[in-house]
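Beneath this line is the structure, given in structure tokens, with notes to follow.
Read the figures in this text as sums done on the coordinates, not as results from a lab. Just so it is clear, the model here is predicted, and its values are computed rather than measured. Here Cβ is always computed from backbone atoms with ideal geometry, including for glycine, and neighbour counts include all displayed protein chains.
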Amino acid sequence: MTTSRRQFFGQAAAVSAGVALTSPAVEAIAAVDAPAPGVVEVAFRVNGERQKLSIDPRVTLLDALRERLQLTGTKKGCDRGQCGACTVHVDDRRVLSCLTLAATLQGKEVTTIEGIADGDDLHPVQRAFIDHDGFQCGFCTSGQIMSAVKVVEEREVRTDDQIREAMSGNICRCGAYPNILDAIKQAKGGER
């Protein structure tokens, strides 16, 4: 039988106070930690393929992609929606998969970094990132590329400052920002 962190601390506090835990007390602590009753069924498309999952309603899209569907190209960075490493597209708009509950995706279309190339032909943004060395450690690269794909599609984003603003939700800890900017400009047709 495994003991949760909450159970352990509850038991430790009771023992240190000299109070013996009784069975009902342990059961009450366990009830607080119990997962939500039941699971939810959700069906959505990922990179063009229909997926059906039975999941806890609290599972994020990021965890469903990485742990249930084995699509590990989407990275878990901060797990708080601050770094952009987990950016994917849901119904053709970029979202942070660490903040999106998988249970909310019934009937939706999800595209990950694994789904933007056409077979062996890279997406133009992927090619531009390679051409301009728009990555260093590579950890943020999938999220950067997924955001950049949408920036390239946004017609009103034209200037360097507009591109920087549109990409501001994606953090590169290595500081490859000038190269990322050049890659996006190439993909938009600005320069090579």
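Below is a table of values for the structure above.
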item	result
Gyration tensor (alpha-carbon) shape descriptor, the range 124-187, a/c threshold 1.5	prolate
Gain in span if fully extended, residue 153 to residue 80, counting 0.36 nm per residue against the direct Cα distance	23.7 nm
Karplus (6.51, -1.76, 1.60) ³J(HN,Hα), θ = phi - 60°, over the range 140-151, in Hz, Gly and Pro reported as x	8, 4, 4, x, 4, 5, 4, 5, 4, 4, 6, 4
Under 5 Å, built H, 5+ apart or other chain: amide partners of residue 71	66
Dipole of the range 40-115, positive end: most advanced residue of 44, 87, 112 [Cβ charges, Cα centre]	87
Listed pairs 76/185; 108/150; 108/185; 52/150; 108/188 exceeding 24 Å between Cα atoms	76/185; 108/185; 52/150; 108/188
